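Student: One structure, as structure tokens, below. Some questions next.
Just so you know, all these numbers are worked out from the coordinates, no wet-lab data involved. Owing to the predicted nature of the structure, the values given are computational and were not obtained by experimental measurement. Here the Cβ positions follow ideal geometry from the backbone for every residue, glycine too, while neighbour counts run over all protein chains shown.
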Amino acid sequence: DGLHMVTWNVATAEPPGDVTSLLQLDAQPATDLYVIGLQEVNAAPLRFLSDLLVEDSWSHLLMNTLASRGYIKVVCIRALYLCLVFMSDQGPLSLSGIYGNRSDQVRFSLYGHMICFVNCHLTAHMGYALQRVDEFEYILETQDFDLDNTPTVRDTSQVVFWFGDLNFRISDHGMHFLRSSINSGRFNLLWERDQLLTMKKKEPFLQEFEEGPLKFKPTYKFNRNSDTYDTSGKKRKPAWTDRILWRIKPKSPPPEDDEAERASTSTQHSDDGQEEYPIKVLQDTYTCDPSYGVSDHKPVIGIFNLEMRKRCDSALVSVCPEGQWSADQDAVLSYTILEDFMSSTWDWVGLYKVGFKTASDYATFVWVKGELAEVNEVMQVCVNKDDVPLVAGEYVLGYYSYNMQSIVGFSHNFQGLMSFSLIFTIKGIRQSSALHYLVFSFGDLG
């Protein structure tokens, strides 16, 4: 599965007019999942409150751009100064749930593998490298996603992506050497003084994280709307402050003195000796896009290919319309829980026009049954005829999980057919046209 990640400290700026280059929308093959982490999104008190009610300008641009290409919003978390946007193509990704709290972190299950994304903005300035490490370790050790039996990010996530404005600097080198090395493209001369690379040699938990080679220009600090590094009175030294790293959960070693226990831990392998559910993270691209100048940071892009054996490859819920739907009679739909998950009587099924952006874009919705369904139990609910939209187009049903805060199952697309009934009086003479109603026809259109 293809994963396109972006981290960008936007320095409270308004978004550019176009993000095609940032999202590499013309690249082939198209990616499956976009994960975009922003820092320093404009968060003046009045602005932040208004953004809680409506989309902020950055989220609006990103989601509208991707929605026009067939992606839907999986989740958008807006914390003070931070924004984390997930968009999926509804294709091969089998997103079985979203977990998050009020911070800038999200965890979800992809084909049964738990993956976590942590968007950070760590303490600034040259002398605080150790504090930045402490901050991140604290995040890893304390994040529990407000769920039972999920002690920490490191314990429960098979893959963790750590990204954002991590604020690590290049120490010791003078400005002349820095700029000379950058202008000549000899970035490797700066690696040994990069604070994050230096701290990785000292901190065992950081050694579990991988990062692609820094073969692009340091992304901070630039004059705005320019490719020129800071010429202000402060003359900040260039640095790779904006980074994307990842960690695959290490295998638990078998106990040394318990043969029975050692045998049980080896059952994670299949008959052919391979791991039963291996997962690989391959990075295809790690670069910055210098064409954007609205901020004093340049955005960093990481493109990955996730290779994994599927623990599960189906949706958690199957949704299906029953018979014909027409606006002059109540409609019926059925749903079936396929895998045990945290279902709730607050779950609902929405009717969406194909091409919708978010789970809240439903044309209408209906609550699930008042009692929780068993696995593989077929449940039916009715949609009042007054709630069936009289709009032609292609539709899809989606089952929304209240606990997981995401759609966990779709029906097949189906076509809505519409014709009108007009009864009107012209000059006191009652005239009527043929009466027709919107009829939804169902079938396997794939």
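Student: Report the calculated FRET efficiency for T123 and W367 (r = Cβ-Cβ distance, R0 = 41 Å), to the nearest 0.05. Walk me through the intermediate numbers first.
Tutor: On the way: r = 46 Å, r/R0 = 1.12.
Once rounded, the FRET efficiency stands at 0.35.
Student: Of K201/K237; K73/K298; K217/K357, which ones are farther than 27 Å apart at the Cα? Could you put the intermediate results ahead of the total?
Tutor: On the way: K201/K237 23 Å; K73/K298 24 Å; K217/K357 35 Å.
From K201/K237; K73/K298; K217/K357, over 27 Å: K217/K357.
Student: I would also like to ask the following. Nearest 0.05, what FRET efficiency do Q329 and R69 give at R0 = 45 Å with Cβ-Cβ as r? Write down the numbers at each step before the final one.
Tutor: Numbers: r = 37 Å, r/R0 = 0.82.
With a Förster radius of 45 Å, E is 0.75.
Student: Could you tally the net charge around L3, taking each other residue with its Cβ under 10 Å from the Cβ of L3, Lys/Arg +1 and Asp/Glu -1? Working shown, then result.
Tutor: Numbers: positive: none; negative: D1, D32, D284.
Computed value for this residue: -3.
Student: Next question. Report P(r) for region 280-355: all Cα-Cα distances, bin width 5 Å, range 0 to the bin holding the largest distance, values in whole percent.
Tutor: Per 5 Å bin, starting at zero, the Cα-Cα P(r) for region 280-355 comes out as 3, 9, 11, 12, 10, 10, 10, 10, 10, 7, 5, 1 percent.
Student: Would you please give the FRET efficiency between Q415 and S21, computed as 1/(1 + (r/R0)^6) with r the Cβ-Cβ distance and R0 = 35 Å, to the nearest 0.05?
Tutor: Values: r = 36 Å, r/R0 = 1.03.
That gives a FRET efficiency of 0.45.
Student: Tell me the net charge near A67. Cut-off is 13 Å between Cβ atoms, A67 excluded, with +1 for each Lys or Arg and -1 for each Asp or Glu. Before the final figure, lay out each step's value.
Tutor: Working: positive: R69, K73, K353, K357; negative: E55, D89, D361.
My count for the surroundings of A67 gives +1.
Student: Full-extension gain between S291 and M342, please, as 0.36 nm times their residue separation minus the C-alpha to C-alpha distance. Intermediate values should be presented prior to the final figure.
Tutor: On the way: separation 51, 0.36 × 51 = 18.36 nm, distance 4.46 nm.
Gain on stretching S291 to M342: 13.9 nm.
Student: Cβ under 11 Å from A13's Cβ, A13 left aside: what net charge do those residues give with Lys, Arg +1 and Asp, Glu -1? Could the numbers behind the result be given before it?
Tutor: On the way: positive: R224; negative: E14, E40, D296.
Every neighbour counted, the sum reads -2.
Student: Starting from the Cα-Cα distance between W191 and D134, subtract it from 0.36 nm times their residue separation and give me the gain in nm to one decimal.
Tutor: On the way: separation 57, 0.36 × 57 = 20.52 nm, distance 2.15 nm.
Length gained, W191 through D134: 18.4 nm.
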